[in-house]
Amino acid sequence: MVYTFFRLVHVLGVIVLGMGLGGVLILELWMRKLTHKASVVECLRIILFLYRWVVSGGALVLAVSGVVLASYRGFEHLLVPWFLMMLVFSVIEGAEGNLLTRVYFRERLSRSEESMRPRGGVLALRPAFKKWERIALMAHYLDVPMYLLVVLLAYGRCESWLVAAIGVCIVWCLGIGIFAHAGLIEPPQKIPPHAERLTGSRAS
């Protein structure tokens, strides 16, 4: 009875965590289309709320129920490939989410609130991100693909390291695809023909 209860709690934790990560991703992509500062600030507040309560709550429920379920089944299966890979990816996802993504959105919220105080106006559609901000956003866009990978590993219980390597490659491809879709990968700038002629004449 206790095992069944914690298994149900574990499934609910997976659902809550997925809802939080999906909501954060959708809001962040939608926020890029906003131009008014007040709307951007409200979006950032909702994102931080989802991270603080929904994502963190789901992860906490998963961790506690997972430890209880592992104690019932015995800890000898911790070295099984699918469980070990799922554990490693879960730790990586939790670390980058709390150390990079939440810090980035918190600082962006404070910066947006400060920009609203002295003057009103419109935010640029594509702000100039610093290098660390791009890294934080890349980690953010890896959240949902990595979550799906963890769920698939737990559901399929694969025992092949090759399958895990293929899954990691797919996760990176999805993350880079979302990163590019968000417009954060700048296309190479083409030099106009008249500029090339000017530079060539100056060199000669």
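Counting every other Cβ atom within 10 Å of each residue's Cβ, CYS158, CYS169 order from fewest to most as CYS169, CYS158. One chain, two ends: GLU159 and ARG134. Fully extended at 0.36 nm per residue, the span grows by 5.6 nm beyond their Cα-Cα distance. Mean projected area of the convex hull spanned by the Cα atoms of the range 2-185, taken over all viewing directions: 10.9 nm². Basic side chains Lys and Arg get +1 at the Cβ, acidic Asp and Glu get -1 at the Cβ, and with that the dipole of the range 2-185 about its Cα centre reaches some 680 debye. Fewest neighbouring Cβ atoms within 10 Å first, the residues MET19, MET1, MET138, MET85 line up as MET1, MET19, MET138, MET85. The modelled label-to-label distance between GLU107 and ALA180, using points 7 Å beyond Cα along the C-beta direction, is 2.8 nm.
Every read-out reported here was derived from the displayed coordinates using simple, explicitly stated rules and does not represent laboratory data. Owing to the predicted nature of the structure, the values given are computational and were not obtained by experimental measurement. Positions of Cβ are backbone-derived with ideal geometry, glycine not excepted, and every protein chain shown enters the neighbour counts.
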